[in-house]
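The values are calculated or read from the model by the stated rules, or taken from the named source; none is laboratory data. The structure displayed is predicted, hence computed values, not measured ones. Accessible surface areas use protein heavy atoms only, side chains included; no ligands, DNA or RNA. Shrake-Rupley method; radii C 1.70, N 1.55, O 1.52, S 1.80 Å.
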Amino acid sequence: MGAKNQVIAGDYKGKYLTLMFGSVSLSTGFFSSINLDKTTVEEYEVMDATRSKNAVSAVGRGFVGSLILGPVGLLAGLSAKEKSTHTIALQFNDGKKSLIEVDDNIYKAIMKKLF
């Protein structure tokens, strides 16, 4: 399963992150958000990066592949694409802390803004 692109623990738990024009925002309310950059984030730590295959999708592609191409199609279908999920601990300038889970695109944008 892919990344949730949301806060999974701590302050703002359950809130979503969005990527727009190279900037990542944490939605804190209906019309309010926090841009994740050096002005709002005091510290961050990348906890891990996991790669997982989408098993359900792989089985589905394998089944369809086997119907069309036989055993070779089954193997081709089972070679599922890997999806990366990154977990990052953030400490904001106001003292709040969040643990976020993001996909590669948001991860790369956050790293660029916080470097």
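With an 8 Å cut-off on Cα pairs and a minimum separation of 6 or more residues, tell me the relative contact order of the stretch 1-48 in percent.
It rounds to 19 percent for the stretch 1-48.
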How much solvent-accessible surface does LYS113 expose, in Å² to the nearest 10, with a 1.4 Å probe and all protein chains in place?
80
A chain fully extended from SER23 to LYS97 at 0.36 nm per residue, minus the present Cα-Cα distance, gains in nm 24.7 nm
Quick one: how many Å² of ILE34 are accessible to a 1.4 Å probe, rounded to 10?
30
When all protein chains stay in place, what accessible area (Å², nearest 10, 1.4 Å probe) is found for TYR16?
120
